[in-house]
Each structure stands twice: as C-alpha cells, then as structure tokens.
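The structure under discussion appears below in the form of structure tokens.
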Amino acid sequence: AMRRFLGPLLCLLALRLPASSGAAARGLDVASYRERVRAMFYHAYEHYLESAFPYDELRPLTCDGQDTWGSFSLTLIDALDTLLILGNVSEFQRVVNVLQEGVDFDIDVNASVFETNIRVVGGLLSAHLLSRKAGLEVEAGWPCSGPLLRMAEEAARKLLPAFQTPTGMPYGTVNLLHGVNPGETPVTCTAGIGTFIVEFATLSHLTGDPVFEDVARKALKALWKNRSDIGLVGNHIDVITAKWVAQDAGIGAGVDSYFEYLVKGAILLQDKELMSMFLEYNKAIKNYTKFDDWYLWVQMYKGTVSMPVFQSLEAYWPGLQSLIGDVDNAMRTFLNYYTVWKQFGGLPEFYNIPQGYTVDKREGYPLRPELIESAMYLYRATRDPTLLELGRDAVESIEKISKVDCGFATIKDLRDHRLDNRMESFFLAETIKYLYLLFDPDNFIHNDGSDFDVVVTPYGECVLNAGGYIFNTEAHPIDPAALHCCRKRREEQWEVEDLMREFYSRKKTKKFTLKRAPDHGEGENVKDSQDASSEKAGEKRNSKKSSHSLLSCPSQSFNSKLAVLGQVFLDNT
C-alpha cells in the first residue's frame, strides 16, 4: 500500500537531470570553483581567528564566539587538516604550536562522548599523521609518538569512563574532570555507541594500548547483538538495560555513522567481521526501508513505515554505497537527493517525501557536508560531470544565501533564507574540504599509490602517504598504512627476536632470556621460555593498561526527553 501511495510522487521527485546538464558540467571551470572554495575557507577561518578564537565556534551575525562542545577551540582543531589539504603548510605549523600550548582537557566540562571523539580525537590523530608531510620536525619514534598523538590519547582517555557500563555501550556525556555524572541519562543514540572504531583502533595501533580498540569493538558488538529479529537497529537505546527506547529504524540521524564505521572500520583494519555485519544490515535496510531509491523510517521490529521522511544527514549513504562498490544504486539515490537540493538551494533537515516539502520546524540547513561528501566519492568512482554540477550549485547557494561579513551563517529556514547566528566547526572540517577535493583531482589525498614516503621507525621501515585515506565521520583523513608502523611492526620484531633466540640457544646449547623493547610507558615484558609465564605477563600488561579510573554510576530514567521522528528532544523544545 505504501508503495502504491508513494509511487507517483516518488517518480516525480526522482526525475533525472536533463541530458544537457552533463554537457554543461563538462564545461565547468573546475580550477575557478576550486579557488572560490579556497576563498570561502579563508573568509570563514580568518573571521574565526579574529572574532571567535579561543572559543569553539564563530557566531557570524554578531562577530563573536561561543563554546559549544567543550571549550577546546574546536574550530581550530577541526580546520587543521583542511589547511594542509589547501596547501597552507605555514599556518598548519603555527596552529599545531598554538594547540600544544593552549588546549587543556583537564577541565570541569560535560562533553559529548561522540562529538569529542569525531572532532577532537579524530582531528588530532589526522593532524599527527600529516605532521611530517606538513614540514614539521617530528620526534624520534614518529608516527608511534608525538605531541599531537599524546593529546589525542589524553582526550580519548577522558572518554573511557563512559564505556564502563554493563553492556559496554557508552553513556552519551562525560565530565572531562570527574567522569560520568551521577544521574546521567543512560539513553544514547545508536551512532553515539557505534562511532569509535576508526579513531580508537588507530590510537591502539599507534600507541600499543589495546584498551581503545577493545571498548570500541565491544560497543559495536553490543549493538549487533541487540538488533531486531528482522535485522534492524533502532535510534536510541538504554546502555544499562539494552532496551530500545526509540524504535525507529533508518539510515539517518541517530544511526548514520554506525553503519559508516562498520564499512570504514572494515577497510581500515581489513576486518571481515565488521564488513559482514554491514552487509547483513544492508540487506535488511534494502528489504524494509528502501522505496524507489529513497530510504524511509520504519519500526525496527515490524518493518512498517513510521515516517516517509528524508533527512539531510542521510545524504552520506550514496558515498558509503560507493565504498562497497554499489555505484549504480548510489547514483540513483544521489540524484533523488539532488532534486531536493535544487528545490531549495540546500538540504532541509527533514523533507516529507510524499508531500515534496519541508517538515515543520525542520526547515533549516546548517551547511552540512553529506551530499557534497557523496558527490566527492562518486566523482572519484565515475567521473560523472553531474557530480561537479552539484559542487557548483553548492558553492553558488552557500555564497549567495549564507555568506555574511563575519563568515558563513547557518540557514535557519530554506524557504525564506533566514539565517541563524552559528557557524558549526564542521563547515571548515567537512563541507569546505569535500568541496575542495571534488574540484581538486590532483590533491595528495587522492594519491593512487604511485607516490609514497618511507619512514624509519623504532620498529623498522614504514610506508606512509601512499593514499587510501579513510575519512572519519568529521572528514578527518586517517592514513591506513600508519596502523602498520607500530604495533604490527613490534610483533614482527618479536617474532624475529624469538627466531634469533632459538638459533643462538641451540648454537650455544644453553637458554637465555631476551628482553623485548618496552611498550610506551608500560615497562618491560620479558619473554620466558614457558608459555604460562608469558601468559601471566600478558595479563599483567593488559590489566595495567586498562587500570584507568572507569567510573560506574547510577542511571537515570528517560523521563526528561522525548523521542520524535527518530531523534530525541528535550521536553521544552
């Protein structure tokens, strides 16, 4: 019945671009648009420095700043790797020094576990791995050590208390000084549970401390374990009881980056289990939520449509489809979303598909990157000039509607182009970055492996900057090769040492003990000839690494919030 109801309207909304549009895009001056994107970045960035730093974000209508996610000078961290992608080595170097001197995580602030991870931990890790390329003098042991890596690790450790729950699924908020507050709500969105494996696995591989990857994997598996019988997950879950509080299933707000991180985590770690999880979800998503290349919201246990709504956050999905090679389906869905962009000059937060219009109180566009992100991925895969046309339209729309004297302002209502006094840090971290990369086919990020650097580490030679970067959900690129520079190399080194020990013990007909290289700050581990001793040493090492103060706190009932359309809002909104 729903298909019959939506059918004619969906066909109208899914109209393909006219044949002439491709030809027009072929004549598009890519270099000119690339320079316009560069100018957009500096208009926003320089006004942030002048009017808002050291606050988290710029308020472009009043030319001042505000703290939003924890008082980290967040826009500076989020914009750091964008500076290098634009080729500004000197400013990258200056900002690294500013952050080392000015950012402190020992503060009495309640911070979002999810946002701190993707923006702060992700931003610092990316900048750390790009430091040498940016001309910074790196310390001995890099990329397995370095000041930005230590900052990322410090920030991540502040988040670990949130994971100390019976299910392993984290609280949504943590106090950076005191841990989880007593009375903190145990209800967390699905994305807030399943969006850690990229950053935390990278940390574990670079530092040698498994605790980060361990908690991220446990959280992912807890969500998998609690999927419904028809293979779907809901929107919000109680991390103490594992009971679903919001049972809307879809690919958008509250769920989105969980699916994204199963795919990206699988690619980053070459992990078949994570990919198989996603592919199972993908089957259920196609079976129950997909209608004529749109994706609706359904009840997670029954599969019945709850809301025929497209959310702007869902526009990442075609890019994700391209990563698993499903390019044809990705393009069809992308073109649906592009029709909405052309209707409004941006993507409204919610769009009612049958009515072909915005949803009340969800008419805004905070300069989100997701459709541009998908265009960038799909253009790399297809070279379809239609994707460049979306980039052109984005530049024209954002400059015309959003640009003000002090930066770029969130669009409060796409119907009348009223503005809001906020410029989210993701505008410089993601929106500008993906636009620039769409128009810069020769950027080092797009390296196909023909160019690379060989770096000598304490664990042997290491190949870096060969391409294949994995973007976290805040568009911070992680070099997957770096994950093989430290921990893996150390394991290989130990294997060689074991072989050498066996050789010399036979030659000299006597046994001796060979000490392994100490882990960073973890002390020495001595390899005994007996397996049992080695096992005990390993247990002691692991217990020492995970002995940080992980707080257990009482839960609070979910009375103060309301779940609507797959999102959770305070009662007073």
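One residue is enough: does region 175-197 have a residue meeting the conditions among the charged types (D, E, K, R), assigned to a helix (DSSP H, G or I) and touching a residue at least 60 places away in the same chain (Cβ under 8 Å)? No - not one qualifying residue is present in region 175-197. The lone criterion from (1) part of a helix (DSSP H, G or I); (2) open to solvent by 10 Å² or more (accessible area, probe 1.4 Å) left unmet by ALA44 is number (2). Taking into account only those residues within region 256-284 that are within 21 Å of SER126 (Cβ to Cβ) and either free of Cβ contacts under 8 Å to residues at least 60 places away in the same chain or charged (D, E, K, R) (or both), which is most open to solvent (accessible area, probe 1.4 Å)? Among those that are within 21 Å of SER126 (Cβ to Cβ) and either free of Cβ contacts under 8 Å to residues at least 60 places away in the same chain or charged (D, E, K, R) (or both), it is GLN270. Given (1) open to solvent by less than 30 Å² (accessible area, probe 1.4 Å); (2) within 27 Å of VAL180 (Cβ to Cβ); (3) among the β-branched types (Val, Ile, Thr), identify the lone condition not met by VAL109. (1) is the only condition that VAL109 fails. Restricting attention to region 88-102, the residues that are open to solvent by less than 30 Å² (accessible area, probe 1.4 Å) and either under 15 Å from GLY179 (Cα atoms) or touching a residue at least 40 places away in the same chain (Cβ under 8 Å) (or both) add up to 3.
Tally up the residues in region 158-190 that are of a type outside the set (Val, Ile, Thr), surrounded by 24 or more Cβ atoms within 10 Å (Cβ to Cβ) and under 24 Å from LEU232 (Cα atoms), please.
In the first step, residues of region 158-190 are kept if they are of a type outside the set (Val, Ile, Thr); the result is 158-164, 166, 168-172, 175-179, 181-184, 186, 189.
From the residues that got through so far, the ones that are surrounded by 24 or more Cβ atoms within 10 Å (Cβ to Cβ) too are 158-159, 162-163, 169-171, 186, 189.
Checking the rest, the ones that are also under 24 Å from LEU232 (Cα atoms) come to 163, 169-171, 186, 189.
Within region 158-190, residues that are of a type outside the set (Val, Ile, Thr), surrounded by 24 or more Cβ atoms within 10 Å (Cβ to Cβ) and under 24 Å from LEU232 (Cα atoms) number 6.
Is there a residue being among the acidic types (Asp, Glu) and open to solvent by less than 50 Å² (accessible area, probe 1.4 Å) anywhere in region 66-73? No; the residues of region 66-73 include none that is among the acidic types (Asp, Glu) and open to solvent by less than 50 Å² (accessible area, probe 1.4 Å).
If you go through region 231-246 and keep only what is under 17 Å from THR289 (Cα atoms) and surrounded by 21 or more Cβ atoms within 10 Å (Cβ to Cβ), you end up with LEU232, VAL233, GLY234, ASN235, ALA246. Mind listing whichever residues of region 104-129 are under 21 Å from the mean Cα position of the chain (by Cα) and either in a loop (DSSP other than H, G, I, E, B) or over 19 Å from GLU154 (Cα atoms) (or both)? Selection gives PHE105 alone.
Whenever a residue of region 217-231 is closer than 13 Å to THR195 by Cα and among the charged types (D, E, K, R), its partners that are in a helix (DSSP H, G or I) and open to solvent by less than 50 Å² (accessible area, probe 1.4 Å), lying with C-beta atoms within less than 7 angstrom and at least six residues away or across chains, give the pairs ARG217/ILE197. Within region 287-304, being under 13 Å from GLY234 (Cα atoms), open to solvent by less than 70 Å² (accessible area, probe 1.4 Å) and either out of contact with any strand residue (DSSP E or B) (no Cβ under 7 Å at 6 or more places or on another chain) or not in a loop (DSSP other than H, G, I, E, B) (or both) holds for TRP297, VAL298, GLN299, GLY303.
The values are calculated or read from the model by the stated rules, or taken from the named source; none is laboratory data. Worth saying up front: this structure is predicted, and the values here are computed from it rather than measured. As a convention, Cβ positions derive from the backbone with ideal geometry for all residues, glycine included, and neighbour counts pool all protein chains shown. The area values use the complete protein model at the heavy-atom level, side chains included, leaving out ligands, DNA and RNA. Shrake-Rupley method; radii C 1.70, N 1.55, O 1.52, S 1.80 Å.
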